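The values are calculated or read from the model by the stated rules, or taken from the named source; none is laboratory data. Computed from a predicted model, the values in this text were never measured in an experiment. Please note: Cβ atoms are built from the backbone with ideal geometry, for glycine as well, and neighbour counts cover all protein chains shown. Quick note on the areas: whole protein, heavy atoms, side chains included, nothing else; ligands and nucleic acids left out. Shrake-Rupley method; radii C 1.70, N 1.55, O 1.52, S 1.80 Å.
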Amino acid sequence: MQNAGSGDDLLEWYPSQVKGPVDDEVQEADLISTIEFNDDGNLLAVGDKGGRIVVFQREQQTKTSPRRNEYNVYITFHSHEPEFDYLKSLEIEEKINQIRWLKRKNAAHFLLSTNDKTVKLWKISEKTKRAEGYNLRDDNGTVRSTNHIANLRIPVIKPMELMVEATPKRVFGNAHTYHINSISLNSDQETFLSADDLRINLWHTEVTDQSFNIVDIKPPNMEDLTEVITGAEFHPRECNIFVYSSSRGIIRLCDMRQSALCDRHCKVFEEPEDPTTRSFFSEIISSISDIKFSHSGRYMLTRDFLNLKIWDLQMDNKPVETYPIHEYLRTKLCVLYENDCIFDKFECCWSPHDDHLLTGSYHNLFKVTSRSTRKDAIFEASREQAIRPRQLLKAKKVLPSARRTRRDEINPDSLEYPKKILHCAYHPTDNIIAIATAHNLFTYVAKDSSSSLSS
């Protein structure tokens, strides 16, 4: 495995920003649980365990401020509240599991957000004008008595200071028995799916009281259950095709044109297991934690505990590319099992041109991989580097023979497992990435992007 940051095709990164508290001792509600760029990359949404969503807006380029790499707070709102299921005597967390942006059709922005049970559609809009001079109420909203109205006034529109507001437009609930792990918007921008451990439902964005169950893997006897659904994703171009991944490392591709219930899949993508490497942990580490279609729609990117894999939709017997992420942890699976880290769900993402891959690891490390050269670079997300925005990130090496005198070398025995990067996002058009540690959001800009943007 290559660790060095050399290679003509491998991107070099400048730290751009860091958001969040400086103190490591923060409340659990402040822990970041998801991040997502919108369709043009001008907005970046961050959800946390407290049910809040913070939307950052990219700075507009001006003569005085030519750099457009920075994101500043646009709006903060509470998406979900804690609830209680009285029938099952279960608390429903307010934690935001996923955010998905709809493509922009007018001046407003729309996004879907979900916790364990309920999906919500939010409208984010700007107000720069207001009406004044009402007859039946004062400008502050107080109702006026009709006895005191002597003259009829015509309301006038006046400019006001910019106000951004988030309005809940739809609430899609009461359709999942188990915890929702993913939502995916269809390419038609009218329907979306929500997946839990055993079922996948299809919704229309305009209809809240009805959904269609399109996948149901719940067996008649729960003792016969051998796998659960870990994620689902619509094809970026074909509105009838979607895939879902399982805890056994299997991907199933379904076509909604074949039948209303897609229990019979069209294709199964599964890599045969090597019997010589089988162990107690094999099934756990083969569970797929994230699945993403490439922008072209031809490939799928999956992340399990140890690897990134790229699958060609035309070849289902094995992945076309496999990239080890932290192979040095294979000998430490016992420790990771005991501290529950082996069940961590790492995300992955494609670059705008599908030529680079991004995912996270422990010790606040993240890895960027070039598909053309198959080289990768490991970087550490830290505040120390973030305060030096004009200095390139230095690649790290994780080596059993790491020397303490070398700051760019890390021994696998000294990795801090509580520090991990589970959530990451890649800008849809530019080489800008967003990395989430426990409670901080880091943004990085590739060397070629920063030079082109500042010129």
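Here is how the numbers come out for the structure above:
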item: Per residue accessible area in Å² of the stretch 12-447, where ligands, DNA and RNA are left out and the probe is 1.4 Å; result: 50 Å²
item: Calculated [θ] (222 nm, deg cm²/dmol) that DSSP helices of n ≥ 4 give over the chain, each run adding -39,500 (n - 2.57); result: -1000 deg cm²/dmol
item: Relative pair counts by distance (%), Cα atoms of the stretch 282-348, 5 Å bins; result: 4, 17, 26, 24, 14, 9, 6, 2, 0
item: Against the rule of thumb 2.2 N^0.38 Å, how large the Cα Rg of the stretch 375-455 comes out; result: 1.22
item: Per-peptide average of other Cβ atoms within 10 Å, ordering 25-31, 317-323, 73-79 highest first; result: 73-79, 317-323, 25-31
item: Whether the stretch 159-292 is rounded, prolate or oblate, judged on the alpha carbon gyration tensor where a/c under 1.5 counts as rounded; result: prolate
item: Mean Cα-pair separation over length for the chain, i.e. relative contact order, pairs under 8 Å, 6 or more apart, %; result: 16 percent
item: With every protein chain in place, the stretch 317-415: carbon and sulfur % of accessible area (1.4 Å); result: 50 percent
item: Distance cut-off 18 Å, percentage of C-alpha pairs in the stretch 224-338 lying past it; result: 52 percent
item: Whole-percent carbon and sulfur share, accessible surface of the stretch 82-233, 1.4 Å; result: 49 percent
item: Disulfide-incompatible cysteines by the Cβ rule (no partner under 4.7 Å) in the chain; result: Cys239, Cys266, Cys334, Cys341, Cys348, Cys349, Cys424
item: By average C-beta atoms within 10 angstrom, highest first, the peptides 328-337, 274-283, 410-419, 374-383; result: 374-383, 328-337, 410-419, 274-283
item: Net charge over other residues, Cβ less than 10 angstrom from the Cβ of Gly360 (K, R count +1; D, E count -1); result: +1
item: Cys349 long-range amide H proximity, modeled H, under 5 Å; result: Leu358
item: Counting all C-alpha pairs of the stretch 326-376, share separated by more than 15 Å (%); result: 54 percent
item: Net charge dipole size for the chain [Lys, Arg +1 and Asp, Glu -1 on Cβ; Debye, nearest 20]; result: 1560 debye
item: Backbone HN-Hα couplings from phi across the stretch 207-223 [Karplus 6.51/-1.76/1.60, Hz, Gly and Pro as x]; result: 10, 9, 9, 8, 9, 10, 7, 9, 9, 9, 9, 6, x, x, 10, 4, 5
item: Distance between modelled label sites at Cys334 and Glu28, nm, 7 Å Cα→Cβ extension; result: 3.0 nm
item: Cα pair count fraction exceeding 15 Å, expressed as % - the stretch 152-199; result: 69 percent
